[in-house]
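Right, one structure below, let's go through it.
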Amino acid sequence: QVQLVESGGGLVQAGGSLRLSCAASARTFSMNAMAWFRQAPGKERELAAAIRWSTTYYADSVKGRFTIFRDNAKNMVYLQMNSLKPEDTAVYYCAGGGKSWFEYDYWGQGTQVTVSS
């Protein structure tokens, strides 16, 4: 069973930055697509960003502000979040083993990101 462990969440003021990290127990290069989803209170979980090899996908709401990248040598995936807004407040989940941009086999437990205004 593949395990994914997120870290890097926290409280930040609007306009600030955070970098989320996801440590995988399996080799990330074998994980096909990997992604960051997020779920805000009272809302459905949504795909924020995904990466397959060198191809990336971003939700419109985060384009130009978030960057997803992976370090296969370290089995890590990251989400650099800049110019954060209060509406970015959510629990962020790492996902791996993507069969498509939106379907994944493995999930982390999530890390809370709170952006204050």
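The values are calculated or read from the model by the stated rules, or taken from the named source; none is laboratory data. Owing to the predicted nature of the structure, the values given are computational and were not obtained by experimental measurement. In this analysis, Cβ positions are derived from the backbone assuming ideal geometry, glycine residues included, and neighbour counts consider all displayed protein chains. With ligands, DNA and RNA removed, areas are computed over all heavy atoms of the protein, side chains included. Shrake-Rupley method; radii C 1.70, N 1.55, O 1.52, S 1.80 Å.
I'd like the full set of residues that are in contact with a helix residue (DSSP H, G or I) (Cβ under 8 Å, 6 or more places away or on another chain) and either buried (at least 18 other Cβ atoms within 10 Å of the Cβ) or modelled with pLDDT of 95 or more (or both), limited to the range 54-74. Ser61, Val62, Arg70, listed by residue number.
Which one is surrounded by the most Cβ atoms within 10 Å (Cβ to Cβ), of the residues in the range 1-10 that are within 12 Å of Ala95 (Cβ to Cβ) and hydrophobic (A, V, I, L, M, F, W, C)? First the steps, then the outcome.
Going residue by residue through the range 1-10, those that are within 12 Å of Ala95 (Cβ to Cβ) are 2, 4, 6.
Applying the additional criterion that residues be hydrophobic (A, V, I, L, M, F, W, C) yields 2, 4.
Numbers: Val2: 15, Leu4: 24.
If we take residues in the range 1-10 being within 12 Å of Ala95 (Cβ to Cβ) and hydrophobic (A, V, I, L, M, F, W, C), then Leu4 is surrounded by the most Cβ atoms within 10 Å (Cβ to Cβ).
Filtered by the rule that a residue be at pLDDT 90 or above, touching a Phe, Trp or Tyr at 6+ places or on another chain (Cβ under 8 Å) and not in a strand (DSSP E or B), the range 9-39 gives a lone residue, Gly9. Output the qualifying pairs, or none if there are none: Cβ atoms under 8 angstrom, residues six or more apart or on different chains, first residue in the range 104-117 and within 12 Å of Ala23 (Cα to Cα), second residue open to solvent by 50 Å² or more (accessible area, probe 1.4 Å) and among the β-branched types (Val, Ile, Thr). Short answer, once both residue conditions are applied: Gly108/Val5; Gln109/Val5.
Scanning the range 84-111 for residues that are under 17 Å from Val62 (Cα atoms) and touching a Gly at 6+ places or on another chain (Cβ under 6 Å) returns Leu84, Val91, Tyr93, Cys94. Applying the set (1) free of Cβ contacts under 8 Å to residues at least 60 places away in the same chain; (2) not in a loop (DSSP other than H, G, I, E, B) to Gly96 leaves exactly one unmet item: (1). Considering the range 11-53, the residues that are within 16 Å of the chain's Cα centre (by Cα) and without any contact (Cβ under 8 Å) to a residue 40 or more places away in the chain include one that is surrounded by the fewest Cβ atoms within 10 Å (Cβ to Cβ), namely Glu44.
Checked against (1) under 15 Å from the mean Cα position of the chain (by Cα); (2) modelled with pLDDT under 95; (3) β-branched (Val, Ile, Thr), Val2 passes all but condition (1).
Taking the criterion of being farther than 16 Å from Pro86 by Cβ, small (Gly, Ala, Ser) and out of contact with any Lys or Arg (no Cβ under 6 Å at 6 or more places or on another chain), the residues of the range 2-42 that qualify are Ser7, Ser21, Ala23, Ala24, Ser25, Ala26, Ser30, Ala35.
Of the residues making up the range 50-77, those that are more than 20 Å from Gly15 (Cβ to Cβ) and in a strand (DSSP E or B) are Ala50, Ile51, Arg52, Thr55, Thr56, Tyr57, Ile68, Phe69, Arg70, Asp71, Met76, Val77.
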